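**Q** Sharing a structure with you now.
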Ligand code: 5RP
């Protein structure tokens, strides 16, 4: 039976709440972006109102606004690795490789994930895929000569389309553009990762290979954890 939207929202929230349990006072926490990460931010804000003392770094301006409204203490620079970062994803394979960025925040998300001791993904079960590439890979590119960059990306075997919004091309928080690139064959994501990084004009892409320590799925059967969660938090 298909899962309806209300169920999916409940599953996202359940996954997020499991991650909220891992946050303890004194931690430096990375806050992801998107509708699933939003539940995490709201849960952390609730615990802050109950006395949790943390410092957080947001992966998008939208998350920053949400966290600030929720009373979470934010920083925009760090001098040590983040203890934990919790974020959503668009596609997740059985090896915890991801496609992210359909919300447009992939660059900051990747920088923050990379700067974290533990990068955890929260998602409803519909995000689990047998193989990455069911949908496009978002690629953030600089606006200058983006058509040339797009053609270079397509030479890797993809079909690129410029992401647009109501008021023209979508702009990321960094002022860049997003190309959504459909690849016919994405059997070697780590190879594609290297090839994309060799193209001038490509800032970052939404393939997150070997980065997630664990994925917390929420679904009709409850919570399913793939990988290892950090030790339970005390504070
Ligand atoms: C934004 C992202 C999001 O984490 C991803 O798109 C999942 O979003 P949602 O939880 O709304 O499905 O990568 O850049």
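Taken together, the values in this text are just the output of simple stated rules run on the coordinates, not laboratory data. Because the structure is a prediction, the values reported are computed rather than measured. Note that we place each Cβ from the backbone using ideal geometry, even for glycine, and neighbour counts take in every protein chain shown.
**Q** Set the Förster radius R0 to 25 Å, insert the Cβ-Cβ distance between residue 75 and residue 50 as r into 1/(1 + (r/R0)^6), and round the FRET efficiency to 0.05.
**A** For residue 75 and residue 50, the calculated efficiency is 0.70.
**Q** In the Gaussian network model of the chain, springs joining C-alpha atoms below 10 Å, which of 13, 38, 224 carries the largest mean-square fluctuation?
**A** Judging by the Gaussian network model, the answer is 224.
**Q** Can you sort 145, 186 from fewest to most other Cβ atoms within 10 Å of each residue's own Cβ?
**A** So the residues, fewest neighbours to most, are 145, 186.
**Q** Each label point is 7 Å from the Cα along the Cα-to-Cβ direction; what then is the distance between the points at residue 151 and residue 95, in nm?
**A** Each label point lies 7 Å from its Cα, and together they span 3.4 nm.
**Q** Within the chain, what percent of beta bridges assigned by DSSP are antiparallel, to the nearest 5?
**A** So the antiparallel bridges in the chain amount to around 60 percent.
**Q** What residues of region 161-187 lie in the reach of a label at residue 61, counting those whose backbone N is under 16 Å from a point 7 Å from the Cα along Cα→Cβ?
**A** Backbone N within reach: 165-178.
**Q** Another question about this same structure. Would you give the gap between the C-alpha center of region 150-178 and the C-alpha center of region 14-68, rounded to a whole Å?
**A** Here the answer is 29 Å between Cα centres.
**Q** Pairs of Cα atoms under 8 Å, at least six residues apart: use those to get the relative contact order of the chain, whole percent.
**A** The value is 24 percent.
**Q** Between residue 114 and residue 6, how high is the FRET efficiency from 1/(1 + (r/R0)^6) when r is the Cβ-Cβ distance and R₀ = 35 Å? Nearest 0.05.
**A** 0.50
**Q** A further question follows. Cut-off is 10 Å between beta-carbons; in what order do 114, 195, 205 appear when sorted fewest neighbours first?
**A** Ascending number of Cβ neighbours within 10 Å: 114, 195, 205.
**Q** Further, regarding this structure: I want to verify a result. In a Gaussian network model of the chain, Cα cutoff 10 Å, which of these has the top mean-square fluctuation: 182, 166, 16?
**A** Maximum among the listed residues: 166.
**Q** Separate question: Can you sort 90, 180 by how many other beta carbons sit within 10 Å, fewest first?
**A** Going from least to most buried by this count: 180, 90.
**Q** Using just the alpha carbons, could you tell me how many Å³ per residue the convex hull of the chain encloses?
**A** Value for the chain: 133 Å³ per residue.
**Q** Contact order normalised by length for region 137-203, with contacts defined as Cα pairs under 8 Å and 6 or more residues apart; what percent is it?
**A** Relative contact order comes out at 47 percent.
**Q** Hey, another quick one. Could you identify which residue out of 213, 113, 89 has the top mean-square fluctuation in a GNM of the chain using Cα springs shorter than 10 Å?
**A** Of 213, 113, 89, the Gaussian network model singles out 213 as fluctuating most.
**Q** I'd like the orientation of helix 35-49 relative to the chain: the angle between its Cα long axis and the longest Cα principal axis, in ° from 0 to 90, rounded to 10.
**A** Tilt relative to the chain: about 30 degrees.
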